[in-house]
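Report on one structure; see the data block that follows.
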Amino acid sequence: MDFIQPVSWADALAAKAAMPTALPVAGGTDVMVELNFDARRPEALLDLTRITELTDWDTGTGTHAGTTADSGNGRIRLGAAVTYSQVIDELGEQLPGLAMAARTVGSPQIRNRGTVGGNLGAASPAGDCHPPLLAAGAEIEVASVRGTRIIPVGDFYTGVKRNALQPDELIRAILISPPRGPQQFSKIGTRNAMVIAVAAFSLALHPDTRTVGTGIGSAAPTPRRAREAGVFLASALDEAGLWESRAELPPAITGEFARLVRQARLHALGVMAARTLTWAWRDYRGTGSAAGRG
Ligand SMILES: Cc1cc2nc3c(=O)[nH]c(=O)nc-3n(C[C@H](O)[C@H](O)[C@H](O)COP(=O)(O)OP(=O)(O)OC[C@H]3O[C@@H](n4cnc5c(N)ncnc54)[C@H](O)[C@@H]3O)c2cc1C
């Protein structure tokens with residue numbers, strides 16, 4: 001297996017263009033597990049750890065590690081290889097939802113090595129970054145020698161552990177608007193630490209646009225929003241004048257919001273149930289195979 005170690009972003013893109021099958025490695029906390037278990041045998045590893053700009057972040061008002069990166073439209077720009085520990089220690093105020101999620105990831109060792117870009121690259125439905133990125137309406141900056149694309153995070157996840165990257169593309173940065181209201185993250189697992197989410201949910205209130213962002217993890221083949229629940233909550237707050245008054249939240253609103261989120265999750269389960277039954281029945285009848293199930 002070849003080991004390619006570019007020292008600049010331009011070299012990394014050139015290497016990926018020359019060998020699109022090369023597997024990028026940032027923190028390696030997913031990749032090394034896959035290699036150790038022989039789940040993958042890439043032709044080459046493309047080590048991104050020497051590209052320092054990927055570990056930089058820029059809030060528009062303050063930068064880290066002297067980056068000259070432009071956050072653009074006042075957004076916070078996280079380099080793809082920013083670690084969970086960096087998010088927790090350096091960006092807790094600017095990215096509260098993502099920082100809450102980061103605190104629940106793995107162990108201190110995993111939080112020191114694991115990166116936000118790596119979580120997106122892996123695109124596991126259980127990845128903890130996805131719900132807060134969905135709730136915040138983040139965008140993913142990806143690039144190749146052909147140019148740069150900005151992908152809304154809701155379009156980034158295309159299937160179980162699949163994302164919208166083309167074979168010659170790399171994730172460069174994550175763009176997130178600064179919070180205009182509170183953000184929250186909640187995760188349920190089978191124990192308190194070192195646990196993959198059985199379910200996760202993130203919420204962002206955007207009082208400036210009177211909208212509500214949501215993100216659900218571990219409920220469907222891809223991370224997803226509870227769109228209907230978000231629309232309901234935004235208009236219920238509007239109708240009751242609660243965006244302005246900030247009065248106590250009526251239990252009926254909380255209850256209906258919870259019901260709609262539950263429905264979104266159940267809908268996803270229903271889709272998976274129908275798909276798996278269709279596939280299983282096809283197998284049983286001897287008319288289909290595992291291939292082409294997407
Ligand atoms: C013990 C343990 C506990 C864990 N706990 C959690 C947890 O609680 N929550 C959670 O969400 N995850 C958890 N993980 C999974 C993992 O730590 C995260 O997914 C992490 O964010 C991966 O980041 P990384 O930098 O290590 O990625 P890597 O392993 O380096 O890469 C992961 C994937 O992303 C791709 N990739 C990386 N960078 C780029 C880039 N710039 N452009 C394109 N593709 C790229 C790689 O090719 C690979 O496919 C755990 C893993 C372990 C081993």
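The values are calculated or read from the model by the stated rules, or taken from the named source; none is laboratory data. Bear in mind that the values here come from a model prediction, so they are computed numbers and not experimental data. Using ideal geometry, Cβ is built from the backbone for each residue, glycine included, and neighbour counts are taken over all protein chains shown. Accessible surface areas use protein heavy atoms only, side chains included; no ligands, DNA or RNA. Shrake-Rupley method; radii C 1.70, N 1.55, O 1.52, S 1.80 Å.
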Notebook entry, point to check: Regarding A204, is this residue surrounded by 23 or more Cβ atoms within 10 Å (Cβ to Cβ), of a type in the set (G, A, S) and either over 26 Å from V31 (Cα atoms) or modelled with pLDDT of 95 or more (or both)?
Noted result: yes
Next item on the list: Return the only residue of A274, A229, A252 being at pLDDT 90 or above, outside any strand (DSSP E or B) and loosely packed, with under 13 Cβ neighbours inside 10 Å.
Entry: A252
Check: What are the residues in region 166-185 that are more than 14 Å from the ligand (Cβ to nearest atom) and in contact with a Phe, Trp or Tyr (Cβ under 9 Å, 6 or more places away or on another chain), if any?
Finding: Q184
Checklist line | Selection count where residues are more than 6 Å from the ligand (Cβ to nearest atom) and within 29 Å of S8 (Cβ to Cβ), scope region 73-106 | finding: 22
Check: Take the residues of region 1-45 that are in contact (Cβ under 8 Å) with a residue 60 or more places away in the chain and more than 8 Å from the ligand (Cβ to nearest atom): which is most open to solvent (accessible area, probe 1.4 Å)?
Finding: T21
Next item on the list: Just need a number here: residues in region 147-165 that are in contact (Cβ under 8 Å) with a residue 24 or more places away in the chain, of a type outside the set (G, A, S) and either open to solvent by 50 Å² or more (accessible area, probe 1.4 Å) or part of a strand (DSSP E or B) (or both).
Entry: 8
Notebook entry, point to check: Listed residues A236, A219; which is open to solvent by less than 50 Å² (accessible area, probe 1.4 Å), over 30 Å from R162 (Cβ atoms), of a type in the set (A, V, I, L, M, F, W, C) and not in a strand (DSSP E or B)?
Noted result: A236
Margin query: If I go through region 128-147 residue by residue, how many of them are under 10 Å from T214 (Cα atoms) and under 8 Å from the mean Cα position of the chain (by Cα)?
Written below: 4
Item checked: Residue in region 141-152 that is more than 23 Å from A199 (Cα to Cα) and among the hydroxyl-bearing types (S, T, Y) present -> yes
Notebook entry, point to check: In region 107-131, what residues are aliphatic (A, V, I, L, M) and near the ligand (Cβ under 6 Å from one of its atoms)?
Noted result: I110, A122
